[in-house]
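Remarks on the structure that follows.
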């Protein structure tokens, strides 16, 4: 089975490269990292070999473990697209806030943003 494709982002060409960098920095084996995260022993090994990609929950757990921004791991895992302009933190903030809203509140927010955009 060919490896799953993952995004290149923030100096890492894949999620496996990110995991390799972080676990080596912290002196962990693949098995030790899996166990420290509470994952099955071969979980990290399976990511390295492209057998699967982590869920959003597991990607966030990995990011927290290494004290990294969850967006970094989500992007590398192919769960999110990189922001169009990495310097634009306002778009990321809008996205983070919208993610916390109910569907009805999201519809209201979209309508309000459309209103603001029409006032140019």
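The values are calculated or read from the model by the stated rules, or taken from the named source; none is laboratory data. Computed from a prediction, not measured in an experiment: that's the story for all the values here. Reconstructed Cβ throughout: ideal geometry from the backbone, glycine too, with neighbour counts over all protein chains shown.
In this structure, is residue 107 at pLDDT 90 or above and under 30 Å from residue 32 (Cα atoms)? Here the answer is no, as residue 107 does not meet what is asked. Whether any residue in region 106-120 is within 22 Å of residue 10 (Cβ to Cβ) and part of a helix (DSSP H, G or I) is what I want to check. There is no residue in region 106-120 that is within 22 Å of residue 10 (Cβ to Cβ) and part of a helix (DSSP H, G or I).
Which ones in region 49-67 are buried (at least 16 other Cβ atoms within 10 Å of the Cβ) and in contact (Cβ under 8 Å) with a residue 12 or more places away in the chain? Residues satisfying the conditions are 50, 53, 54, 58, 59, 60, 61, 62, 65, 66. Restricted to region 68-83, and to residues there that are part of a helix (DSSP H, G or I) and without any contact (Cβ under 8 Å) to a residue 24 or more places away in the chain, the residue that is nearest to residue 17 (Cα to Cα) is 74. Residue check: is residue 97 over 17 Å from the mean Cα position of the chain (by Cα), outside the structural domain of residue 37 (by TED's automatic domain parsing), at negative phi and modelled with pLDDT under 90? In short, no.
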